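A short write-up of the structure that comes next.
The values are calculated or read from the model by the stated rules, or taken from the named source; none is laboratory data. These figures come from a predicted structure and were not determined experimentally. When we count neighbours, we look across all protein chains shown, and the Cβ atoms used for this are built from the backbone with ideal geometry, even at glycine. Please note that ligands, DNA and RNA were not included when accessible areas were found on the heavy atoms of the full protein model with its side chains. Shrake-Rupley method; radii C 1.70, N 1.55, O 1.52, S 1.80 Å.
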Amino acid sequence: MEPRQADVSIPLQSSGWGAAAPGRRSDPQPRDYVLWSVFNVLLWCALGGLSCFGFPPLVFSIKARDCKSVGDLEGARRHGGRAKVANIICSVVVGVTWVIFIIIVAIFFSTIRAT
């Protein structure tokens, strides 16, 4: 009895780092923005204990992560989109608030130094 050789297929093109796997292409996984939400909560905490303004994006981010973990990709996309919008709003508001705070402190110290 002769030993049989196994059928082996060797791809002719090399698959680089960015090459997609063969087969059905699917939509990318929805993002949940949890790290950005935690960063916003910490920035609001640093701004005088106003972390309650950073909690809505965190809640939407955690909901998006929960939906993604149970396989509800549509819910994860919906909550992820809400978390993204809420994070943008929180980041802009906290940035503007920090700029206003720095301007007020600079004006305060310049008036103290002038007298």
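For the reader, a short list of remarks on this structure follows.
- Net +/- balance of residues flanking PRO57 in space, Cβ distance below 10 Å, scoring K and R +1, D and E -1: +2
- Heavy-atom accessible area, probed at 1.4 angstrom with all protein chains present, ranks THR97, THR111 as THR111, THR97, highest first.
- Accessible-area composition of region 52-99, carbon plus sulfur, in percent [1.4 Å probe]: 72
- Neighbourhood net charge (10 Å Cβ-Cβ; Lys/Arg +1, Asp/Glu -1) for TYR33: +3
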